[in-house]
Each structure stands twice: as structure tokens, then as C-alpha cells.
Amino acid sequence: MLFRSKKLIQSALVAALSLVSIAYAQNVKIVGLVELTGTGATSGTNFDNGIKLAVKEINAAGGILGKKIDYTSFDTQSDPGVAKGLADKAVDDGAYVVMGPVFSGSILVSMASTKRAEIANFTGGEAAAITQQGNPYVFRTSFTQSTAMPKIANYIKDTVKAKVVDVVYVNNDFGKGGRDLIIKSLEARGIKIGADISSDPGQVDFSSVVIKAKQSNGDALFAYTNEEESARLLRELKKQGYSKPVIGETVLTSQKVIELAGDAANGAIAHVGLTADAPQPLVKKFDEAFQKEFKTRSDHNGLKGYIGMYTVKAVTEKVGKFDSKAFAAAMKNVSLSAKTTPGLLLDVSYDANGDLDRESYLTKVVNGKQVVSEILPPVNKK
């Protein structure tokens, strides 16, 4: 009798394990390569949390084509070499789509692995070079620098009316790409470059940077560095009594920079592709859900991750099957509506290179809060 009971228990366990295996096999595997430590920790953590929130909502609503999403994220440590190794692992593990990295330097290295495997790869990186290499499997969740910088240059020319602009940038792929394009955009509008100042990733002391900017005596300062460095720069500018307009792109007025810089962030101006302060009902709904889930506000990277995952859902449903190669092909020149897929938050279109287009915003920090001052239409709005 005891032997028979043991046999019955063993049979039940085998059956249960089989059911778990079948259920797991019915899931769709999506892998995140994100900066959870190192200089990109703020960006990567927000991106990862945005993805996780979208996955939770999508799975609660039945998944994608009836399959639940099995999402696992891995820490790139903000290191391109580590990101490359993790991309190889994601390929070996059979990922349907890879999300990240966020840092341009990392995706420029890791995307070779997903390209070889013909797996779609979404990135939060903004460096123009990402989509200029003919990789048909890489797609942005943010504007390319070549889209954003002309908008900023127009603002500097038409509103700030600056004749000479000093430029501070971080010396990595992200920073150098932004520096090259803002200088090109400014000079094309007859604006001269004063001091051209490089800073290091993770730089702590910005006193010499600000001294150079003050000595140049330009009409405005364009700042293009990572979150922590941007906050340190703003604090040093305030400390040294710098009073000219300080203008940037996305990062400069982000939530993390405002938290770290305190009242030194007041007055900073930036063009942003995404912001939780956007005056749209769907964005406000996302903002509330993100705060409830993670007990903090999202920056633009959280929005990138969230919208990116809903883009995966929308395009997969257009294709009608889980086929990575067919998915990537369907992303070319696709236009997606937030009315059809509310998780997209905003209407978006992609071109043949993987670059996106949608409305964007001019923002200013006022009394410790990012305020949207102007809504800018999509570049190719008809």
C-alpha cells in the first residue's frame, strides 16, 4: 500500500512538472540588457522598470497572441564588453526580442550579436551611428541625435537669439555624437561655437569646466552629459554664479537630475522626446501606474522601456505570429496608433533605418519641477 502511494505521488509530481514545462514553453521569451550598476544605473533601472510595468499589464490582459511574456533582465554593468557577452547569451537562450542596452556605447557593440541571429533589438541609445550601419534588426525607443539637435538649434537661434554658444559634452559615444551634431546644427544657422569642452564619464569636479565656459563668455551653454554629471555641472554653474541660459537635450531636465541638483536645476531648458509631465491623458495614466508600482517617478527612460514593450506587442500582433525575422521586417516604415494600442501612449512611426518620429517637447525646470513649455509636432507631420 505504501509503495503504491509513493508511485502515485511520483506520478503526480511528474505530471505537475510536465504542466509547468508546457506552460513555460507557451511563454514568449524577451530579454533585457540593461545598466543596473555603473554610470548608467539610473538610465538602465528606469528602462528596465518601464519594461516590467508593461509586461505586467500585457500579461494581465492575456499576453501577446495568447502567450504570456517571460521577461528576464541582466545587468550590463554599463560596460560594452559585458553587454556583448549578455547579448550572446540572449541569442543562445532563444530570445524573441532583446530590449537594451540604453547606453549608445554598449548597443553599438552588442547589436552585432542580435544582428547575426536575426533578432530584433530595441535600444534607448541616442547616438546617430546606431542606425547608420545598415543593421535591419535595431530599433530606437528614443529620438536619434540627428532629429533632436536641429530642434534645439532652432530654439537657440529663434528664442534665445544666441550668437555664440559654449558646448560641454561627455567624452563617450553618446556625448561625442551629440556634440558633433549640435555644433553642425548651430553653425548651419549662423551661430558660432565658443568653448568646446570635453568632460569624462563619471566626472565629479566640474569647476574647471565652468571656468572655461565663463572665460569664453558665450551667450548660452549647451550641456550634453549623463544624469549624475549633469547635476554636478548645474551645481557648479550655480556655485560660480553663471547666469546665461543652460540648454540641453532630454537628460538635463530629467527627474534624476532635478533630484540631484536641487535648486541649481531651476532654469535649465531641454528638448525632450518623452516626459512623464507631458500633458496627455495616457502619459498621466502611465505616470500614476509607475509611481504606484515603483514608489518613484519615471524619467524618460522608463517611458522608453514601457513604450518599447508595447511596440513589440503591437507589431507582433500585426505579423500574427512569433517570428523574429518577420517582426523586424514589419517594423520598417510602420505607423502605430495610441488609439489602437493605448500602451504606446503616443502615435509613433518608424522609418526604414529603425529611427522613430513622434511629437516632442520643450521643457524648463521651474521650482524644482519639469514643466512642458511647448509641444513640438513630429518632424515628418503631414
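Just so it is clear, none of the values below were taken in a lab; they were calculated from the coordinates. Bear in mind the structure is a predicted one, so any value in this text is a computation, not a measurement. Positions of Cβ are backbone-derived with ideal geometry, glycine not excepted, and every protein chain shown enters the neighbour counts.
Just want to confirm a number: the relative contact order over the range 83-190, from Cα pairs under 8 angstrom separated by 6+ residues, in percent.
The value is 23 percent.
Can you run phi through the Karplus equation (6.51, -1.76, 1.60; θ = phi - 60°) for the range 215-229 and list ³J(HN,Hα) in whole Hz, with x for Gly and Pro?
Along the range 215-229, the couplings run 5, 5, 6, x, 7, 7, 10, 9, 10, 9, 9, 6, 4, 4, 5 Hz.
Using the Karplus curve 6.51 cos²θ - 1.76 cosθ + 1.60 with θ = phi - 60°, what ³J(HN,Hα) values do you get for each residue of the range 296-308, in whole Hz, with x for Gly and Pro?
7, 7, 7, 9, 4, 5, x, 5, 4, x, 4, 5, x
One quarter of the convex hull surface, Cα atoms only: what value does that give for the range 153-245 in nm²?
5.2
Cα convex hull of the range 191-239: how many Å³ per residue?
So the per-residue hull volume is 74 Å³.
Considering only the chain, what is the antiparallel percent among its DSSP beta bridges, to the nearest 5?
Within the chain, antiparallel bridges account for around 35 percent of the total.
Among Ala188, Ala112, Ala231, determine the one that fluctuates most according to a GNM of the chain built with springs between C-alpha atoms less than 10 Å apart.
So, out of Ala188, Ala112, Ala231, the one fluctuating most is Ala188.
Return a whole-number percent for the relative contact order of the chain, with Cα pairs under 8 Å and 6 or more residues apart as the contact set.
Value for the chain: 16 percent.
Can you run the Rg to Rh ratio on the range 237-382? Use alpha carbon positions and the Kirkwood inverse-distance Rh.
When Rh is taken as the Kirkwood radius, the ratio is 1.04.
Could you check the spin-label model distance between Arg189 and Lys163? Points 7 Å from the Cα along Cα→Cβ, value in nm.
1.7
Please tell me which of these pairs span more than 24 angstrom C-alpha to C-alpha: Lys176/Lys239; Lys285/Lys339; Lys151/Lys184?
Lys176/Lys239
Determine which lysines satisfy two conditions relative to Lys325: a Cα distance under 25 Å, and not lying fewer than 8 residues away in the same chain.
Of all the lysines, those that pass the test against Lys325 - Cα under 25 Å, at least 8 places apart if same chain - are Lys29, Lys52, Lys67, Lys68, Lys84, Lys89, Lys115, Lys304, Lys313.
Report Rg (one decimal) and Dmax (nearest whole number) for the range 86-213, counting Cα atoms only, units Å.
My reading of the Cα-based Rg and Dmax gives 17.5, 54 Å.
What are the residues whose amide H is under 5 Å from the amide H of Ser78, where those residues sit 5 or more places off or on another chain and H is modelled from the backbone?
Excluding prolines and chain starts, which carry no amide H, the hits are Leu36, Thr37.
Would you please give the residues with an amide H less than 5 Å from that of Ile64, counting only those at least 5 places away or on a separate chain, with H modeled from the backbone geometry?
For Ile64, whose amide H was placed from the backbone, the distant partners under 5 Å are Ile69.
When each pair of different Cα atoms in the chain is counted once in the 1/r mean, what is the Kirkwood radius in angstroms, to one decimal?
21.6
What residues qualify as long-range amide H neighbours of Phe139, i.e. H under 5 Å apart, gap of 5 or more or another chain, H built at 1.01 Å from N?
Asn121, Phe122, Thr123
Taking the Cα centre of each part, how many Å lie between the range 164-227 and the range 306-382?
For the range 164-227 versus the range 306-382, the Cα centre distance is 29 Å.
Between Glu259 and Asn333, what FRET efficiency follows from the Cβ-Cβ distance if R0 is 45 Å, with the result rounded to 0.05?
Efficiency, from the Cβ-Cβ distance: 0.70.
For the range 352-368, just list the computed ³J(HN,Hα) in residue order, Karplus coefficients 6.51, -1.76 and 1.60, θ = phi - 60°, integers in Hz, with x standing in for Gly and Pro.
Whole-Hz 3J(HN,Hα) from phi for the range 352-368: 6, 9, x, 7, 10, 9, 6, 5, 9, 9, 9, 10, 9, 8, 10, 6, x.
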